[in-house]
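Peer 1: One structure follows; several queries about it will come next.
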Amino acid sequence: MTGMGEEEEYEAGELEAGKIRLVMALRRQGIRDAAVLAAIERVPREVFVTGSFQEQAYDDHALPIECGQTISQPYVVAFMTEKLEVGDRMKVLEVGTGSGYQAAVLSQLCRRVYTIERYRTLLDDAVKRFAILGFHNVTAKVGDGGKGWPEQAPFDRIIVTAAAPEIPMGLLEQLKIGGIMVVPVDVDGGRSGQMLVRLTREETRITTEDLLPVRFVPLVEGVARES
């Protein structure tokens with residue numbers, strides 16, 4: 001058996017150093033949850049980006065992926081995950097699989113992740129990545145994310161990685177009492193940008209908390225038609 005060549009060892013070392021720098025940067029930016037930081041450290045972000053962008057895998061910014069979509073900025077992934085307050089026995093719904101990176105991070109923190117993507121190309125690639133990495137507690141399907149996954153409801157937590165035009169009440173109905181949803185929502189019809197919102201479903205009301213101005217691709221109805 002032959003080991004890695006010098007170039008491969010160098011690239012692996014650079015990626016590992018980049019990961020360490022990223023985790024330190026997330027700490028400086030206020031991410032305090034040790035479990036979230038450990039999950040970020042365990043998931044190889046370079047697997048979820050392609051081509052020359054792999055060299056930027058641990059830079060703290062969003063990167064383009066197929067189908068005109070993006071893999072979110074690591075800080076935003078960490079921030080949303082921290083605000084979701086995931087426990088290891090929980091069942092989590094993700095709307096917008098994309099590259100699969102957010103689902104992979106969640107898979108390190110909860111019992112099972114259910115994730116929905118409207119682009120079959122993206123979903124197929126994400127599922128392959130989950131298999132390669134051995135993340136077997138992620139279940140994925142092609143579908144209209146705005147409709148959720150009623151067959152598996154209720155969920156302890158729901159995370160939406162595309163901007164909804166308004167609070168998605170249909171998804172809130174799939175949340176357990178005491179459950180939390182984190183979702184970007186258009187402000188003033190999108191004219192004033194987007195706000196990341198945390199909603200908690202209580203017995204008789206929904207409490208909301210504005211978290212952070214963000215910029216996500218829009219949450220679009222239906223399943224995408226691909227050529």
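Peer 1: Taking V185 and the conditions (1) at pLDDT 95 or above; (2) not acidic (D, E); (3) not in a strand (DSSP E or B), which numbered condition does it fall short on, given that it satisfies the others?
Peer 2: (3)
Peer 1: Let me ask something else. Being more than 18 Å from the chain's Cα centre (by Cα) and either among the charged types (D, E, K, R) or crowded, with 20+ Cβ neighbours inside 10 Å (or both) is the requirement here; does R225 meet it?
Peer 2: yes
Peer 1: Also, quick follow-up: Would you mind finding the one in K147, K128 that is more than 21 Å from A62 (Cα to Cα), touching a Leu at 6+ places or on another chain (Cβ under 9 Å) and charged (D, E, K, R)?
Peer 2: Selected residue: K147, the only one of K147, K128 that is more than 21 Å from A62 (Cα to Cα), touching a Leu at 6+ places or on another chain (Cβ under 9 Å) and charged (D, E, K, R).
Peer 1: Among the residues of the stretch 69-88, is any modelled with pLDDT of 95 or more and more than 25 Å from P213 (Cα to Cα)?
Peer 2: So far as the stretch 69-88 goes, yes, one or more of its residues are modelled with pLDDT of 95 or more and more than 25 Å from P213 (Cα to Cα).
Per-residue answers, yes or no, for (1) more than 25 Å from F130 (Cβ to Cβ); (2) at pLDDT 95 or above; (3) not in a helix (DSSP H, G or I):
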{"site": "T2", "(1), (2), (3)": "yes, no, yes"}
{"site": "E8", "(1), (2), (3)": "no, no, no"}
{"site": "E11", "(1), (2), (3)": "no, no, no"}
{"site": "A17", "(1), (2), (3)": "yes, no, no"}
{"site": "V23", "(1), (2), (3)": "no, yes, no"}
{"site": "R27", "(1), (2), (3)": "yes, yes, no"}
{"site": "S52", "(1), (2), (3)": "no, no, no"}
{"site": "E55", "(1), (2), (3)": "no, no, no"}
{"site": "Y58", "(1), (2), (3)": "no, no, yes"}
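Peer 1: For the stretch 35-80, what are the residues that are among the β-branched types (V, I, T), closer than 27 Å to M181 by Cβ and in contact (Cβ under 8 Å) with a residue 60 or more places away in the chain?
Peer 2: Hits for the stretch 35-80 are V36, I40, V43, T70, V76.
Peer 1: Can you name the condition, by its number, that L199 falls short on among (1) out of contact with any strand residue (DSSP E or B) (no Cβ under 9 Å at 6 or more places or on another chain); (2) assigned to a strand (DSSP E or B)?
Peer 2: (1)
The values are calculated or read from the model by the stated rules, or taken from the named source; none is laboratory data. All values derive from a computational prediction rather than experimental measurement. Quick reminder, even Gly has a Cβ in these numbers, built from the backbone with ideal geometry, and neighbours come from all protein chains shown.
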